[in-house]
Amino acid sequence: MKILIHDSAEAATSAAARDILSLVRARPACRLGLATGGTMEPVYAELRRAAAEVSFRAVTTFNLDEYVGLSPEHPQSYHRYMAEQLFDHIDIDRANTHVPRGDAASPNTEARDYDARITDGGGLDLQLLGLGANGHIGFNEPFSSLGSRTRVKTLARKTRDDNARLFAEGEVVPTYAITMGVGTIMEARQILLVATGAHKAEAVAAMIEGPVSAACPASVLQFHPRVTVRLDGGAASALKGRDYLDFVHPNAEEVDLG
Ligand code: GLP
């Protein structure tokens with residue numbers, strides 16, 4: 001894992017956006033796994049700003065997850081989030097963007113088909129990830145199987161509480177979601193995880209320094225050969241090895257030793 005600690009959340013998210021733009025420039029027909037959540041909003045804002053210089057015309061995207069029961073038009077659906085945050089503002093071919101259908105007649109079939117679309121098309125070059133305060137990635141809640149494929153998951157109370165702020169007053173946060181599995185995520189050739197804010201500190205420490213355990217699904221990333229984690233000081237504040245990480249990458253700088 002390459003752990004880069006930035007001096008602000010803006011620095012972490014804008015570096016993550018630059019990582020994505022570099023990949024798209026180098027490989028215009030790349031396959032990207034995308035994430036939702038508040039952390040990603042400044043990442044997508046930066047991609048929107050770069051839309052005049054970088055073309056997404058040949059890029060294919062697969063989002064991590066979607067709430068079961070929400071149609072693509074629902075204001076809190078991840079379909080809507082992606083349209084508003086990114087897809088409506090860049091030159092991507094919408095036929096190449098994929099988000100699981102939360103309103104599919106059979107969510108289980110939709111999940112299996114979605115997983116097959118990812119693998120049959122050649123997998124993902126880069127998977128962008130946020131981190132749940134309980135250590136989830138996608139909607140793989142604690143005690144998800146670390147080999148799981150895309151499927152329907154029941155959301156944890158903590159996740160539903162955390163996400164309630166995004167739903168209208170009195171509206172119930174869905175109980176179920178379709179999410180890429182932990183095993184599906186682990187097959188991405190490269191992973192870029194972004195976490196900001198002190199409320200993520202415990203989850204970040206468990207992910208990086210804790211035992212690999214389904215209790216913190218993100219901890220399985222310790223087994224992935226190519227992970228970059230971009231943090232701000234708050235999200236890094238519970239790391240025991242902080243001094244060492246600052247020594248290796250002062251100000252999140254990367255040294256090329258050839
Ligand atoms: C949501 C999403 C995750 C996201 C996480 C963190 O539940 N399913 O993909 O990483 O929560 O969200 P935020 O960035 O808003 O803290």
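Net charge near THR60, counting Lys/Arg +1 and Asp/Glu -1 over other residues with Cβ under 9 Å of its Cβ?
Taking every other residue near THR60 into account, the sum is 0.
Within the stretch 145-258, what percent of beta bridges assigned by DSSP are antiparallel, to the nearest 5?
Once the DSSP bridges in the stretch 145-258 are tallied, antiparallel ones form about 50 percent.
Between beta-carbons, use under 13 Å as the cut-off and find the net charge around ASP162, counting Lys and Arg +1, Asp and Glu -1.
+3
With viscosity set to 0.692 mPa s at 37 °C, what whole-number translational diffusion coefficient in µm²/s follows for the chain from Stokes-Einstein and a Kirkwood radius over Cα pairs?
179
Provide ASP161, ASP93 ordered by accessible surface of protein heavy atoms (probe 1.4 Å), highest first.
ASP161, ASP93
Tally Lys/Arg at +1 and Asp/Glu at -1 over every other residue whose Cβ is under 14 Å from the Cβ of LYS240; what's the total?
Neighbour charge sum, excluding LYS240 itself: -3.
Using the Cα centre of the stretch 102-258 as the reference point, and only Cβ charges (+1 on K/R, -1 on D/E), how large is the resulting charge dipole? Debye, rounded to the nearest 20.
So the magnitude is around 400 debye.
Can you give the charge dipole size of the stretch 2-251 about its Cα centre, rounded to the nearest 20 debye, using +1 on the beta carbon of Lys and Arg and -1 on the beta carbon of Asp and Glu?
Taking the Cα centre of the stretch 2-251 as origin, the dipole is about 540 debye.
Give me the percent of accessible area attributable to carbon and sulfur for the chain, probe 1.4 angstrom.
Solvent-exposed carbon and sulfur of the chain make up 51 percent of the total.
What whole-number distance in Å separates the alpha-carbon centres of the stretch 1-18 and the stretch 45-94?
21
State the antiparallel share, in %, of DSSP beta bridges confined to the chain, rounding to the nearest 5.
Of all bridge pairs located within the chain, approximately 30 percent are antiparallel.
Only sites in a loop by DSSP and with at most 16 other Cβ atoms within 10 Å count here; which trypsin sites (Lys or Arg not before Pro) in the stretch 169-258 make the cut?
Those that pass, being in a loop and sparsely packed, are ARG189, ARG226, LYS240.
Specify which residue in the list THR13, PRO107, VAL54 is farthest towards the positive end of the charge dipole of the chain, using unit charges on the beta carbon of Lys, Arg (+1) and Asp, Glu (-1), about the Cα centre.
Comparing the listed Cα positions along the dipole, PRO107 ranks first.
Among ALA58, ALA95, ALA29, which one moves the most in a GNM of the chain with springs linking Cα atoms closer than 10 Å?
ALA95
Could you calculate, for the stretch 118-258, the ratio of the Cα radius of gyration to the Kirkwood radius, expressed as Rg to Rh?
Taking Rh as the inverse mean 1/r over Cα pairs, Rg/Rh reads 0.99.
Compute the relative contact order of the stretch 2-251 as a whole-number percentage, counting only Cα pairs closer than 8 Å that sit 6 or more residues apart in sequence.
For the stretch 2-251, the relative contact order is 25 percent.
What lysines sit close enough to LYS240 to cross-link, taking a C-alpha to C-alpha distance under 28 Å and skipping anything fewer than 8 places away on the same chain?
LYS2, LYS158, LYS200
The values are calculated or read from the model by the stated rules, or taken from the named source; none is laboratory data. If you're wondering where the values come from, they're calculated on a predicted model, not measured in any experiment. Heads up, the Cβs are rebuilt from the backbone with ideal geometry, glycines too, and the neighbour counts pull from every protein chain shown. Areas reflect the complete protein model, heavy atoms only, side chains present, ligands, DNA and RNA absent. Shrake-Rupley method; radii C 1.70, N 1.55, O 1.52, S 1.80 Å.
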